[in-house]
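First up is the structure itself, then whatever we jot down about it.
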Amino acid sequence: MILQSFAIFGLALAAGVGLIHLIWDSKDRWAVALKVFLGTGAGLGIASCLYFLRLLLFPGQGGYLLIQAGFLGCVILALLWKNRFSPGRVFDRFSISPIQVVLGLAVVFVVGISAYYWIVFARIYPHGDYDAQAIWNLRARSIYRSADNWENAFSPLINRNFHIDYPLLIPLSVVGGWNTLGGEVLRVPAVLSVLFLFSMAGIVFSATAYLRSVSQAAMAVIILLATPTLLLFSTFQTADIPLTYFLIASMSLLILASEKNNQGLLFLSGLMAGLAAWTKNEGLPFLLIMAVCTLFIFRLRQTRTNLLFLLAGTALPLLSIVLFKVFVSANNDLFANNGLPAIVSKLFDPARYIQISSHLLSELIHLGDWPFSIIVVLFVYAWIMGVRSPISLAEKFSLFIPLSQFVIYLLIYIITPHDLEWHMNYSMSRLLIHIFPLALFSFFLLVNTPETVLKNDQFLSSGNRN
């Protein structure tokens, strides 16, 4: 059933790639690769939004495959109308340096090990971890088994600690897959997890290669996929890796939109940010961050138009979120029993800040569960390679985006109604993994590439000989 579980999403994936190509007509080889990986989230995300609207409007749960086919058909017609099927010069000759060969082999090795680890874990734990069993897969199973009465999956009788207010991109994708296959096939949520994991790695690689160099991209993806905690979370069948996928997709597209002065890319950035919010509640503050960054990155006279393009991209996901909140009433566990006086009291409690800082320091030292501090390693690498100059405004904001999201996460800990130590133990490592790929991508945008350093060393050596 593993191949069938991949095949049921094939039309959505193809439609997503086509949509990205329709909006961004670049034939650069790394742009083409980036379109493929961006198409994963665009296709699955839009299909889930359309499937949710179908559940609201019509009885039954069928039609997921038909929705994908209709989506793909519309994209193909638009591509034909825009004449976007013309062949490009994607496979022109290009030189490969020895360092690129070595790093390329390292990437292949790390990807292979990651795939092997994922397959082994999926066989041992086919239902995912506790959160998948108690929240994500349970929600999908409740919707699927409720048939026409799928709203019962969000009954107020359910304990709010099981997060019935979480958006539905992942559960509805699973439900759509199950309805297509005719049963609760365990491989469907596992396939979604692996698609988002390797597509996220693909975005980091191809966007870095497009903006910097192949060697720089290889370094970034090696560190990303070799991070034990990230790889472990990718096997859990929760929404954390899909959320991280949409965060990095949106941020990379915003930087590309600024570098290329392309409003279509800004639209796609808004789409990915909106789908992040349709994946998990943590995507909502990220959407606000992206809007603020758009205001500052683009010149003042362009701000209104560019912001409209970003917000236009969020339209379908935000419509789905609003309808979900309206038709499926569900309280958030962070605010249901957490009144304003209690929140204000916690904001001015210095003991909470000390407790959070202490726990955060421990988490940062062991970030990603590396056997050594990956943060120290990256600092040493930056010291050796040097920082690029000049740095564009968009690249500077690539540091602001993950930092802002991180600050919001810390603010939630300050006001949480749950036991603070339990809450941090339960979730801080996961939240840091949300941020890590964004920070890693930003890091490799800002430091010099291996090609630049080697070229400078050769120049200095030839100068000394002369």
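A short reminder: the numbers here are calculations on the coordinates, not readings from a lab. The model shown is predicted, which means the values in this text are computed figures rather than measured ones. Note: ideal-geometry Cβ built from the backbone for every residue, glycine included; neighbour counts use all protein chains shown.
Kindly identify region 138-272 as rounded, prolate or oblate by the Cα gyration tensor criterion: order the square roots of the eigenvalues as a ≥ b ≥ c, call it rounded if a/c is under 1.5, otherwise compare a/b with b/c, prolate if a/b is larger, else oblate.
Values: a/c = 2.52, a/b = 1.88, b/c = 1.34.
Judged from the Cα gyration tensor, region 138-272 comes out prolate (a/c at least 1.5, a/b above b/c).
Å³ per residue of the Cα convex hull, for region 348-451?
118 Å³
Near the amide H of residue 447, under 5 Å away, which other amide H atoms are found, from residues 5 or more places off or on another chain, if H is placed in the peptide plane?
Correct list: 388.
Take each of the peptides 41-49, 119-127, average the number of other beta-carbon atoms within 10 Å over its residues, and list them starting from the highest.
Top to bottom by mean Cβ count within 10 Å: 41-49, 119-127.
When the Karplus curve 6.51 cos²θ - 1.76 cosθ + 1.60 is applied with θ = phi - 60°, which whole-Hz ³J(HN,Hα) does each residue of region 435-449 get, with x for Gly and Pro?
Values per residue, Gly and Pro as x: 7, 4, x, 5, 5, 5, 4, 4, 4, 6, 6, 8, 8, 5, 7 Hz.
Please compute the modelled spin-label separation between residue 296 and residue 82, points set 7 Å along Cα→Cβ, answer in nm with one decimal.
3.1 nm
Calculated FRET efficiency, residue 115 and residue 381, Cβ-Cβ r, R0 25 Å, to nearest 0.05?
0.45
In Å and from the alpha-carbon atoms only, list the Rg and Dmax of region 185-343.
In Å, with Rg to one decimal and Dmax whole: 17.6, 53.
Of the listed peptides 304-310, 29-35, what is their order by residue-averaged count of other C-beta atoms within 10 Å, with the highest listed first?
29-35, 304-310
Charges only on Cβ, +1 for Lys and Arg, -1 for Asp and Glu: so what's the dipole of the chain about the Cα centre, in debye to the nearest 20?
The calculation lands at about 1220 debye.
How many percent of all Cα-Cα pairs in region 235-278 sit more than 12 Å apart?
Pairs farther apart than 12 Å: 56 percent.
Under the classification rounded if a/c is under 1.5, otherwise prolate if a/b is larger than b/c and oblate if not, where does region 271-325 fall, given a ≥ b ≥ c as square roots of the Cα gyration tensor eigenvalues?
Prolate.
Below 28 Å Cα-Cα, how many Lys pairs turn up in the chain? Only count pairs eight or more apart in sequence, or on different chains, if you could.
Total qualifying Lys-Lys pairs in the chain comes to 17.
Calculate the spin-label point distance for residue 355 paired with residue 343, positioning each point 7 Å from the Cα along the beta-carbon direction, and give it in nanometres.
Rounded to a tenth, the inter-label distance reads 1.9 nm.
Say the dipole of the chain comes from +1 at the beta carbon of Lys and Arg and -1 at that of Asp and Glu; which of 249, 62, 410 then lies farthest toward its positive end?
It is 249.
Any idea what the dipole of region 287-387 comes to, in debye rounded to 20, about its Cα centre with Lys/Arg Cβ at +1 and Asp/Glu Cβ at -1?
Working: 6 positive and 4 negative charges, 115 e Å.
So the dipole magnitude of region 287-387 works out to roughly 560 debye.
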